[in-house]
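First comes the structure, then the notes that go with it.
The values are calculated or read from the model by the stated rules, or taken from the named source; none is laboratory data. These numbers come from a predicted model, not from an experiment. Glycine also receives a Cβ, built like all others from the backbone with ideal geometry; neighbour counts cover every protein chain displayed.
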């Protein structure tokens, strides 16, 4: 999915900007977090933001402090999950500076599905 991207140049768009939705935490992932780290709105569980709007788990030096246990949505970035009330779809986030270099993928993409086997949930 993100083969060939240089993520080291990322400015942490999903976690380092206020006003951007916090990542969705799937029901199977909830056990990886403390209750006070999560917020539920409209039936969707997300990681709480700090007062400045940044991700609760983003350190002062812009590093993810839960990288090994980050939610699936963080792992999928620059793809983001959208709920429409009946299901989930993925769309490319406009905030990714390299989104033009992201190759489309299909659900048959073997490399994509292999990632699910490695999730620490």
- Determine which member of the set 23, 71 is at pLDDT 85 or above, under 25 Å from residue 102 (Cα atoms) and in contact with a helix residue (DSSP H, G or I) (Cβ under 6 Å, 6 or more places away or on another chain). 71
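Do we find a residue being outside any helix (DSSP H, G or I), touching a strand residue (DSSP E or B) at 6+ places or on another chain (Cβ under 9 Å), surrounded by 13 or more Cβ atoms within 10 Å (Cβ to Cβ) and modelled with pLDDT under 80 anywhere in segment 37-47?
No, segment 37-47 has no match at all.
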